[in-house]
Structure formats: structure tokens, C-alpha cells
Amino acid sequence: MLCVVQQGGTGGWKKVDGKWQSVNPVVTRSRTERSNIDELLKLYGGWRKKKKVKAVKEWVDTSWLKKYHTHEEMIDTLDSLAKSYPNLVRRYSIGRSVDERELAVIQISATESIKSKRPSLVPMVKFVANIHGDETVGRELLIGLARYLTEEYGKNERVTRLLNQTDIHLLPSINPDGYAELRRNNVSDEDLNRDFPGWRDLNKPRSELLEGREPESAAMIKWILDNPFLLSLSFHDGRVLVNYPWDDSPDAIEGEKAICPDDVIFSQLSQLYADNHAFMWTGKCLCHSDTFTQGISNGAEWYVVDNGMQDFNYLFSSCLELTVELSCWKKPPPHL
């Protein structure tokens, strides 16, 4: 499997027989990285072989998912978890929003990553949400996931195995100002998911990649470039599907697939998520007429997104990021 070279490499695009082709994939993923992804697919993939399949049910205390957290309540919850589970949790910040709200991250792992340098061969993954301030479901899920992982460690075999082998970073809100005002864009009225470097910016120095960016986007760019994340999920709302690169490319045509070098692994990972969802795998979105084959879609095949975060992760850091659309309803009533 090939990956795109990291920023500073010799990547770019060239025309071959009249068509643009990426010349970035000149670095092969290490055997360790590939085996980590293969193990994930082997562990959780392929269970929905028939229409009538019973998923593994697991009791989860959702009593703390009955209300939406304010920004201050979210910070208090993450800080409380760090205090209660010092051997599992590290709290840190990647920056601040336009209105000076913290972009808070909680790192969860039972490896040495919490107290010292990340050990070799431990995959580093991230889950982020709320890049659009009015899309709130993923934000609450990540706050809940932080509680679930910490409280179930040592009790739940699957959670224990996961934290023993993985370095997990959760950023519940990329756009806390937009969340506070229940608006898509940040307070500067910028769509943060259109504010990242794209394929036209390959080979530019770091300073130029950051020039003119919103503070939230700049913080994300630095975080992504400075850390060797292997996998990432970005949670959105408004549809129910999983979306993967390319969102844009030199020859991208809306409604047609824009194929990236890791298209097969991206589609496998996307299908893995959709297949383990209650109904996403059917490909039917209950709130729209859109139909997505098996619940997944290539980015440009759905619609072209210029300068999106998903492509930036892949182009500039080799991180495989999926965009997961969780809910038709961007902010369902808390009791639901």
C-alpha cells in the first residue's frame, strides 16, 4: 500500500497522457503500519455477511448523554477524567479559538505514551468533531467516549486491549465558538473545513501553509503536521454515511470518484464503520433522498470540497482520515 509523502517531500502532480496523476506516493507504508490496519480490519470487519445478523450487544451507561455540555462543562469533564485516571489520561491543548476558547484534547492510553515518549510500534489515532459548530452529535459522542474508555479499562476486555495497544487522542470541539452560537462557521464567518492547504499548496513551506489561516485551522494544521497520526475520524452531521478522499484533485469532477493511491484501504475502513452501524450499511439516508452504496462514498463522488481537512491529513501527513456523517439531525433534542 502506498501513501502520500509528508510535507517537505518531493510530491506533486504531473500530467500523463493528458490526465493529472499524483506523484506523491513514493513512500510505502511500513510493515508495522500496514499490519496495524490489517489487524483492525481482521478484528472487526466482515461480520455482516447476511441480512439477518445479531451484532454484539454491550451495555453502556448513557445517563451522561442526556444533555449537551457547555464548553465549560466539557472542559471540566475532561479535566476530571485526567485527575481521576492519571495513569490513563493526559489533558492538553492545541490552541485557542477566535474568542479564546480552548481547543481541548484528551489523550487516553495504557501505554507509556501518557507519562513519556510514545513507544515504538504503538499506533497513534485521533477522533475529532464539531468543525462545523452546529453539528453537535459527534462532540457529545467524544465526550462520552472519553468517559467510556477510562471507566471501562480493566473491566471490559475489548477496551483494555485497545488501550494497551493504542495511543488515542480525542478533540471534541474544533469550533467551540460556532458551537456556542449554534452556527456552522466560526465567529469570523469562515467555514473551517474549507480553510486547509490543499493539492495546490504542495511543497510550500510550513510558514506559507499557515499564512492567513483562522486560529482554529492553524492549530489543527500544526497538530497534524507535528504528530504521526496513522488513522483519524472526523465526525459531522447532516447525513448518515462515511466519506473518504479525494474530496478534490486536479481532475476532480463532482459526481465522479476522485481516486487516491490508498483508495482500496480507505473504502475498506469506511465499510468497516458502516457495517458496524445499525443502519448506515444499508446506504439509505432516512432524512434525504440520497442513496449511498453500502453507506460509503468517495468525497468528490458526493461533492467536491476544496481545501478540506480530510484531504489535508492525507496529503501532508499520510494520516488516513475518514469523515463520518453521524446523524441527519444536527442537534437532536437531548432526550433522544
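The values are calculated or read from the model by the stated rules, or taken from the named source; none is laboratory data. The shown structure was predicted, so the numbers you read here are calculated from the model rather than taken from an experiment. Here the Cβ positions follow ideal geometry from the backbone for every residue, glycine too, while neighbour counts run over all protein chains shown. Note: accessible area is taken over every heavy atom of the protein model, side chains too, but ligands, DNA and RNA are not part of it. Shrake-Rupley method; radii C 1.70, N 1.55, O 1.52, S 1.80 Å.
Points to keep in mind about this one:
- Sole residue being touching a Lys or Arg at 6+ places or on another chain (Cβ under 6 Å), modelled with pLDDT under 95 and either among the acidic types (D, E) or open to solvent by less than 20 Å² (accessible area, probe 1.4 Å) (or both), chosen from I106, I114: I114
- Residues of the range 159-170 satisfying the condition of being open to solvent by 50 Å² or more (accessible area, probe 1.4 Å) and touching a residue at least 40 places away in the same chain (Cβ under 8 Å): N164, Q165
- Looking only at the range 287-336, residues that are touching a Leu at 6+ places or on another chain (Cβ under 7 Å) and modelled with pLDDT under 85 come to 2 in all.
- The residues of the range 245-260 that are open to solvent by 20 Å² or more (accessible area, probe 1.4 Å), in contact (Cβ under 8 Å) with a residue 60 or more places away in the chain and either touching a helix residue (DSSP H, G or I) at 6+ places or on another chain (Cβ under 9 Å) or closer than 18 Å to C319 by Cβ (or both) amount to a single one, P250.
- Test: E100 is open to solvent by 60 Å² or more (accessible area, probe 1.4 Å) and modelled with pLDDT under 95: no
- Any hit, the range 118-128, residues being at pLDDT 95 or above, under 19 Å from the mean Cα position of the chain (by Cα) and of a type in the set (D, E, K, R): yes
- Residue satisfying condition, being of a type in the set (G, A, S) and either open to solvent by 10 Å² or more (accessible area, probe 1.4 Å) or part of a loop (DSSP other than H, G, I, E, B) (or both), within set S173, S232, S217, S270: S173
- Restricting the range 194-214 to residues that are among the aliphatic types (A, V, I, L, M) and out of contact with any strand residue (DSSP E or B) (no Cβ under 8 Å at 6 or more places or on another chain), the residue that is least open to solvent (accessible area, probe 1.4 Å): L209
- Only one entry in D191, D263 is surrounded by fewer than 19 Cβ atoms within 10 Å (Cβ to Cβ), under 20 Å from the mean Cα position of the chain (by Cα) and under 24 Å from S327 (Cβ atoms), namely D191.
- Those residues of the range 76-92 which are over 16 Å from G144 (Cα atoms), within 23 Å of the chain's Cα centre (by Cα) and open to solvent by 60 Å² or more (accessible area, probe 1.4 Å), in sequence order: R90
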